[in-house]
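Okay, so here's the structure we're looking at.
Any read-out appearing in this document is the output of simple, stated calculations on the displayed coordinates, not a laboratory observation. Because the structure is a prediction, the values reported are computed rather than measured. Counting neighbours? That spans all protein chains shown, and the Cβs are built from the backbone with ideal geometry, glycine included.
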Amino acid sequence: MLSRANYSGVPLTQAYSIDAELASKVITNLKCGKAADIDSLSAEHLCFCHPCLPSILAKLFQLMISCSFVLEGFRYSYIVLVPKPKECYGKTLTCDDFCGIAISPVLSELFEHCILDCFGLFFKYLW
C-alpha cells in the first residue's frame, strides 16, 4: 500500500499559472452591459482600466492559488427578481411568477474564467 502522507498534488508549472496575458484576455472576453455587482463594479470598469491592472490581478490570483485562499468578498452576491414573461399581466403575482438572477462580483467571475482557462482540463463535466 502506498503512503500518500506527503502528496501535495500536481506541481504547478509555468503552463498552469495565471499571468497578465491570460487576465487581459479574459477581461476582453467579459460581456459588457451587465448589472454592476455589490461593489458597484462592472465589466466595463475592467475593460477600460489602466493597462497595469491585469498584471496586478494576475499576481493576486496566483497568490490566492498558492495560499489556497479565496477572498471573502468573492462569495457575496445579490439576487434580483425578474418577472417571468407573459405570466405577470392581469393577475396577482406570487413568488412562482419570478425568476431569481444572482449578481456575482465581476472580479470573482474574472478569477473563475482564469481558473477554467488554466485548469479546465482537470475538471470533468457532468452534463
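Find the relative contact order for the chain and round it to a whole percent, using C-alpha pairs within less than 8 Å whose residues are 6+ positions apart.
Dividing the mean separation by the residue count of the chain yields 31 percent.
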Problem set entry | Too-long pairs where the Cα-Cα distance tops 27 Å, listed order kept, from LYS31/LYS59; LYS84/LYS124; LYS34/LYS124 | LYS84/LYS124; LYS34/LYS124
Seminar exercise, completed: Per the C-alpha gyration tensor (a ≥ b ≥ c, the square roots of its eigenvalues), region 17-109 is rounded if a/c is under 1.5, else prolate if a/b beats b/c, else oblate; here it's prolate
Exercise. By how many degrees, between 0 and 90 and to the nearest 10, does the Cα long axis of helix 20-29 differ from the longest principal axis of the chain?
Worked result: 20 degrees
For this session: Go ahead and run the numbers for FRET between CYS49 and TYR16, Cβ-Cβ distance against an R0 of 25 Å, rounding to 0.05.
Result: 0.45
For this session: In nm, give the distance between the simple-model label positions of TYR76 and LYS91, each being 7 Å from the Cα along the Cα-to-Cβ direction.
Result: 3.8 nm
Exercise. In nanometres, what is the gap between the two model label sites at PHE123 and ASN29, each 7 Å from Cα along Cα-to-Cβ?
Worked result: 1.1 nm
Problem set entry | Cβ crowding within 10 Å averaged over residues, with 106-113, 24-31, 57-64, 70-77 ranked highest first | 106-113, 57-64, 24-31, 70-77
Problem set entry | Sorted by Cβ density within 10 Å, fewest first, the residues ASP19, ASP37, ASP117 | ASP117, ASP19, ASP37
Seminar exercise, completed: Placing each pseudo-label 7 Å from Cα in the direction of the beta carbon, ILE101 and LEU63 end up separated by a distance in nanometres of 3.4 nm
